[in-house]
Amino acid sequence: MKKIAYITVILCLLLACGSRKEYKEILVKAETIMYDHPDSALHMLEQLRDTMQNAGKADRMYYELLLADAQNKSYVDFTTDSIMKEVVRYYDRHGSANERMRAHYLLGCTYRDMGEAPMALQCYQEAVGCANTSSSNCDIQILTAVYGQMSRIFHKQNLPHDEIWAIHHYINCIQHSCDKEEYIVAKGQLIRPYYLLGEKDTVLQIINDTYQTLKRLGKTKRAASILPTSIYIYLERNQLSKAKQVMDIFEHECDLFDEKGNIVRGREHYYYTKGLYELAVNKTDSAEFHFRKAIQYGYNSEGYKGLLSVYRERNNMDSVFLFSHLYEAAQDSLHNKMQTDVIHQMSSLYNYNRSQKEAAQERENTRKAKEMLRTLIFLAVVLIGAISWFYYRRQQKKKEMILNLENDLGNAILIREEIQEELKRLKEKDYESVIATKEKKEAELTQAIERLRAKNELYKRKSNENNTDRLDDFLNSSIAQLFIKKANNKTERPVPSDAEWRLLESQFSKDMPAIYNSFGHDKTLSSLEQYVCILLLLKIPTNAIIMMVKSSPQTVSKAKSRANMKLFNEKSANTLENNLLSSLKRS
């Protein structure tokens, strides 16, 4: 029986070793073909899914890393971060620099697909921190992909300066590959952020340099494909001859059009640009044709705007009326989306700034210092908790002392009133000696009452020392800066939304607690009166306030007068701003 048991165990071990050798070979093969044939690698790895459930942790983590990489390269969207978080934890402890960088990069791609841009940026920053660029074995391909993904997120978040930073790092990585064509195309990606910054001369220079360099390499089609942005800029500047020259190059040298003149999917915005040129040279029929094609592919706002111009040119008032409404509806839809994006971007911007600080802190520390960092964080939390508890107890003691003082004060007043009544009765009976004694006691109680009142007021003032206003913090907050931009017409939608008003009021109550609390004393301020006071503290002009609160000048003036009367007992609307600023100086 023992021999049979030994033979069974040996057979199981041999089968396991054979199986492990077989899937090891498949994993190595999948890794080899990953960059050139990611679909084939993904198919091979998916066949191993059941087998890998029983593999050791090292093999299973390697499998999950390869599977995620193949899915990412095959454009399969990630829907959960649980597996990749486990992979990252494993390789942070057991992986090489390249493996750690790869794991953090793929976790970032996971958050990218899940719509968590700040988390994706943090992971990409951590991936950069893992890269050992001084080593000849550093995986430049992954580092290139990291910076490329970062630049795309920065572009979506409307952060052109950060996008330029990421693209420059992307260009430096591409330069290591010695692929001259891709290096030139990478430099051409700077077109996007500089266009967002409104630096259109720089954009034209980048386009021209990229076009000429690719032409010299013999990449005529690829060179011509980058020209539409310059056409649009020339049309904006009414430089029709230059626009025509570049249009002819684009349409004849690139391979983006079929035999019927239709452009490839994803580039249909060019129909609007083409329509603008045809309209500028008085070819209204051709312009109308191209504007309608732009609408077919979802460019409603641009298309309706173009058709509106066409029918104005033809003096067809019925069509002008029709397309005015269509254009207005398209703009409203666009503005609604932009309004939602603004709130999301504000939140994302806050989260991104926090993620940047955390990533920078992580890069400054070595792996060996992480345990020490955790210890320091724990001690800091304990210290903050102890300090918070100390201040809380001190505040409670102050409140208890004030309460005791008030009780003593009340008792003293009652005793004095009793003595005063007794004195009154004694005076009526002419008991002069008793009266003198009682009068002396009354005087002593009066002095005690005055001392208790003074001490009570002193403790009350001390208890409110921390309730101070911080105007600079409020003015520098992101929501306050957004309202200032709206007042200066530096945003697409100058009228704030309800959500933006709530964010402004919340920030004001946090940074300006004393003056905010005064809004609720005696006669409570209305919402309009509060908004007017806050906007005055932001130095926003009256005409901008009228527009932002969507009220008439008379209504805003009355709101100022009411607020001034409630807060400072003055009827004038003109002195409200000075009174508010003076109250801040007093506090």
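The values are calculated or read from the model by the stated rules, or taken from the named source; none is laboratory data. Quick caveat, the model's predicted, so the values are computed rather than measured. Neighbour counts run over all protein chains shown; Cβ positions are idealised from the backbone, glycine included. Accessible surface areas use protein heavy atoms only, side chains included; no ligands, DNA or RNA. Shrake-Rupley method; radii C 1.70, N 1.55, O 1.52, S 1.80 Å.
Scanning the range 99-122 turns up at least one residue that is over 28 Å from the mean Cα position of the chain (by Cα) and either surrounded by 19 or more Cβ atoms within 10 Å (Cβ to Cβ) or outside any helix (DSSP H, G or I) (or both). Number of residues in the range 24-59 that are under 19 Å from Gln71 (Cα atoms), part of a helix (DSSP H, G or I) and of a type outside the set (Val, Ile, Thr) equals 18. Whether a residue is modelled with pLDDT under 90 and closer than 30 Å to Gly148 by Cβ was assessed, and Ile10 does not pass this test. Residues of the range 123-148 that are assigned to a helix (DSSP H, G or I), closer than 14 Å to Asn172 by Cα and in contact with a Leu (Cβ under 8 Å, 6 or more places away or on another chain): Val128 alone.
Quick grid of which residues meet (1) more than 18 Å from Lys368 (Cα to Cα); (2) without any contact (Cβ under 8 Å) to a residue 24 or more places away in the chain:
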{"position": "Gly95", "(1), (2)": "no, yes"}
{"position": "Tyr111", "(1), (2)": "yes, no"}
{"position": "Gly115", "(1), (2)": "yes, yes"}
{"position": "Leu121", "(1), (2)": "yes, no"}
{"position": "Gly129", "(1), (2)": "no, no"}
{"position": "Ser135", "(1), (2)": "yes, no"}
{"position": "Val146", "(1), (2)": "yes, no"}
{"position": "Met150", "(1), (2)": "yes, no"}
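Would you mention how many residues in the range 486-513 are farther than 13 Å from Met548 by Cβ and of a type in the set (Lys, Arg)? So the count comes out to 3. The set of residues in the range 36-54 being touching a Leu at 6+ places or on another chain (Cβ under 9 Å) and of a type in the set (Gly, Ala, Ser) consists of Ala41 alone.
With respect to being open to solvent by 20 Å² or more (accessible area, probe 1.4 Å), at pLDDT 90 or above and either small (Gly, Ala, Ser) or more than 19 Å from Met547 (Cα to Cα) (or both), Gln481 falls outside the description.
The single condition among (1) surrounded by fewer than 16 Cβ atoms within 10 Å (Cβ to Cβ); (2) in contact with a Lys or Arg (Cβ under 9 Å, 6 or more places away or on another chain); (3) closer than 13 Å to Pro228 by Cα that Cys254 does not meet is (1). Tallying residues that are assigned to a helix (DSSP H, G or I), touching a residue at least 40 places away in the same chain (Cβ under 8 Å) and not basic (Lys, Arg) within the range 222-250 yields 5.
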